[in-house]
1. List the residues whose amide H sits under 5 Å from the amide H of Val486, counting only those 5 or more places along or on another chain, with H placed 1.01 Å from N in the peptide plane.
2. Kindly state, to the nearest 0.05, the FRET efficiency for Leu295 paired with Arg356, given R0 = 22 Å and r defined as their beta-carbon distance.
3. Taking amide H positions as placed in the peptide plane 1.01 Å from N, state which residues far from Asp43 in sequence (5 or more) or on other chains have amide H under 5 Å from it.
4. ³J(HN,Hα) across segment 65-82 via Karplus (A = 6.51, B = -1.76, C = 1.60, θ = phi - 60°), whole Hz, x for Gly/Pro?
5. May I ask you to sort Leu420, Leu495 by Cβ crowding, counting other Cβ atoms within 10 Å and putting the fewest first?
6. Using a cut-off of 19 Å between alpha-carbon atoms, which lysines can reach Lys401, once sequence neighbours fewer than 8 places away in the same chain are excluded?
7. Quote to one decimal, in nm, the extra length available between Arg222 and Leu204 on full extension: 0.36 nm per residue of separation minus the C-alpha distance between them.
8. So how far, in whole Å, is the C-alpha centre of segment 200-249 from the one of segment 313-354?
Amino acid sequence: MNVAPLGASSRAPLAAFLAVAAASAALLAWGTDRIPMTAAYQDRVSQIHAQDEATYSRVTLEMVFGGDWLTPRVLGRFFLYKPPLFYWFSGLSVKCLGLSRLSLRLPNVIAGAAAIAIVLAWCHFLNSWRTGLIGAVLMLSNSVWETMSRLACMDVLLASAILLALFFLVRDPVLARRSSLIGFGGATAAAIMTKSVAGAIPILTLAAFAILAGSGKRPPLRRIVYALAVVCVLAAPWHTYQLIAHRQWFVTEYITAQLFGFGAHPPVPSSETAFWFYARRLFATDPVLAILFLLGLPGLLAAIRRRGTPALILCTWLAVTMLAVCAFQARNFLYAVLLIPPLCLVAAGYSIVPPRFELLLLLGLVGLGIGKVYADAPWDLAFYRIGTPQPQLNLRAYADKGRTNELIVVDPDDEFYSMLLPIHGVRYCWIGQIQALQRYAPHLVDLGITMPSAQFIDLGRYQPQYEALLRRWDLDSSDPIATSIVAPSAADVLLMVHSRPASDFYLPGQMLGDNPNQFAATHSIEPALAGRAFLLSRTAPKTARWTPIPSRARNL
């Protein structure tokens, strides 16, 4: 492998990298506004929809139209599982460009495009423009990166911030320059402010590299401390504020639930080992990248044996990321996004392809990428073919009615899309036992945010005590109470319908049983797609619940 001397990239024209970033952003943005929220798959292998889009976008909209930019909220309650950087970027996009699917997703479009340009710069720094373009094409043609860069989720922004932090390190392994210290620290702080402890991957990589690197090649301890000080200065204020202002929420959700709840005891355990879970899906979604990565590993290891500092940083980063992803017990293919940049760097920067054949490889990858647009497989780039799911069509038609009743969504099939619509109060009702939800979010049950249907039927009796509990948790509002309901059986759901004559219901049609006329006095029945039905109250509430979602959100 022909490695250029350190510092060679300083002569590279910045305009070229900006042009690649702009072109990538244009390609990623194209058609993104046509895909309904939550309609895309975040896991193409298991066909799991991007449910997080609804939750994260709802938080953004409550910031923009509710006015509280410091503390994330969802359905009226504090939502402190994640820091707010993605919400801030998405909210600023909505403020500047207006409310649309693209404006909510724009931070990821920009972050995904910037990461492609950084991969090009990294490969060019080590080798040549050709290897840089190979890395960029591998990134842009990866179905996981292409899809997640077009969704309102946090993982691409996180992966891009980590990549940027380590690019500063690979260009200046001893952190001798002030710009390297500030760049590494600032990008790492951005990663932490995007997704909490996952953003500490650059710090763990730096620590491991400092231990493994030889004398004179590792950054002095003083420079490491300076870099960590930059991280603390930028990331600590928000964490400190939440610890003081909303201590119970912050400790319970940000630390206890997110790290030791979901991380150690996932609500849905997987039968697959972590390594096989991610490896199988990475190969299925991009077999070409997987093969080129495996072929590049010998070159990476050979460079490490030659005491190549950039290779050691890349290998350490890859190992730390794999360990972090596998150690987190909750299996979610979204986390594999963090592996895409280092996989592309190994595949392009340490390829066994001789330099004289790199142009042929590049042309082949471009042709393959174009072919992926027209394919129909987990590795395709056919994002534009995603249609509107039937549950979304049902709920959009309901929102268009402009009703002021609250809507209770029973046995949800909409990936929480309904929380993005201008509906005056949405509640979700599951069929099952409340202990299943209580196991990983007990505070929501204790506060009445999640409650059994028996309590909801007699809500007037229980609401005062839950309001008092919420006030003790610094939330003076009854809006979050019973936003999540658990009914033991379909019969309990029907009891709820009888007890809430002023509420609308969206439920499976078979729940109406053989005698749908039993609700005729209070509700009219409106059949919907996918075997669902609406029960529309014949009375309007005296006062409609406030919703932070504007009417133009019907098109999300």
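Nothing in this text is a laboratory measurement; each read-out follows from the coordinates by a stated rule. Worth saying up front: this structure is predicted, and the values here are computed from it rather than measured. Heads up, the Cβs are rebuilt from the backbone with ideal geometry, glycines too, and the neighbour counts pull from every protein chain shown.
1. Amide H neighbours of Val486: Trp430, Met451, Ser453.
2. About 0.80, to the nearest 0.05.
3. Under 5 Å from the amide H of Asp43 lie the amide H atoms of Ile48, each far enough along the sequence or on another chain.
4. 9, x, x, 9, 8, 8, 10, x, 9, 9, 6, x, 10, 5, 9, 10, 6, 9
5. Details: Leu420 28, Leu495 16.
Fewest-to-most ranking of Leu420, Leu495: Leu495, Leu420.
6. Leaving aside lysines fewer than 8 places away in the same chain, those within reach of Lys401 are Lys542.
7. Values: separation 18, 0.36 × 18 = 6.48 nm, distance 1.66 nm.
Length difference between fully extended and current span is 4.8 nm.
8. Spelled out, the Cα-based centre of one part sits 21 Å from the other.
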